[in-house]
Amino acid sequence: MTPPETDLIGTTAIGAASQAVLTRPDLTVLTQRRDFQRAARGKRVAMSGFVLQMLPRPEGEVEGIRIGYTCSKKVGNAVARNRAKRRLREIARAVLPTEGRVGHDYVLIGRSEATAALPFSQLLADLHKALAILHGPRT
């Protein structure tokens, strides 16, 4: 006997839902060291659970929002660093598509013992507050 979930594999309902979740054309992940170094020269704000760096990109570069995540060995062993980065990815995925600005690079830096220990709702609130500080008052 097959489980009932297997009857839905390949249908458009599952494919459409997973495609909508996975596809974010406006949110690209930074992978190059030079992009992280360039973002470090921009504005930054330290919150209780992370540090957020922001740098506007020059005109003519790739459009969209780019985001990078980093945790040093001070955060802990590999398991702790990966957990912290997973939490940073989730808050960025929830907030940046709506509050991030197109043409900007953002880097979230995990903090020792705080990123993994703080409640998720506080991390979300801190990211909202950090973006408001970096972007300044709305005009």
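The values are calculated or read from the model by the stated rules, or taken from the named source; none is laboratory data. Since we're looking at a predicted model, the values are computed, not measured. Cβ coordinates were reconstructed from backbone atoms using ideal geometry, including for glycine residues, and neighbour counts include every protein chain displayed.
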(request) Could you look through the stretch 47-72, keep only residues that are of a type outside the set (Asp, Glu) and farther than 24 Å from Ile133 by Cα, and pick out the one that is farthest from the chain's Cα centre (by Cα)? (result) Gly60
(request) Go through the stretch 73-115 and give me each residue that's farther than 19 Å from Met47 by Cα and either hydroxyl-bearing (Ser, Thr, Tyr) or modelled with pLDDT of 95 or more (or both). (result) Thr98
(message) Consider the stretch 89-122. How many of its residues are touching a Cys at 6+ places or on another chain (Cβ under 8 Å) and under 22 Å from Gln32 (Cα atoms)?
(response) 2
(message) Take the conditions surrounded by 15 or more Cβ atoms within 10 Å (Cβ to Cβ) and more than 13 Å from the chain's Cα centre (by Cα) and apply them to Val75. Does it pass?
(response) yes
(request) For the stretch 49-63, name all the residues that are of a type outside the set (D, E, K, R) and crowded, with 17+ Cβ neighbours inside 10 Å. (result) Gly49, Phe50, Leu52, Gln53, Met54, Leu55
(message) Being surrounded by 15 or more Cβ atoms within 10 Å (Cβ to Cβ) and either more than 27 Å from Leu118 (Cβ to Cβ) or of a type in the set (A, V, I, L, M, F, W, C) (or both): is that true of Ala46 here?
(response) no
(message) When you check Ala80 against the structure, is it loosely packed, with under 15 Cβ neighbours inside 10 Å and of a type in the set (Gly, Ala, Ser), yes or no?
(response) no
(message) Given the condition in contact with a Ser or Thr (Cβ under 7 Å, 6 or more places away or on another chain) and either modelled with pLDDT of 90 or more or among the hydroxyl-bearing types (Ser, Thr, Tyr) (or both), answer yes or no: does some residue in the stretch 126-135 qualify?
(response) yes
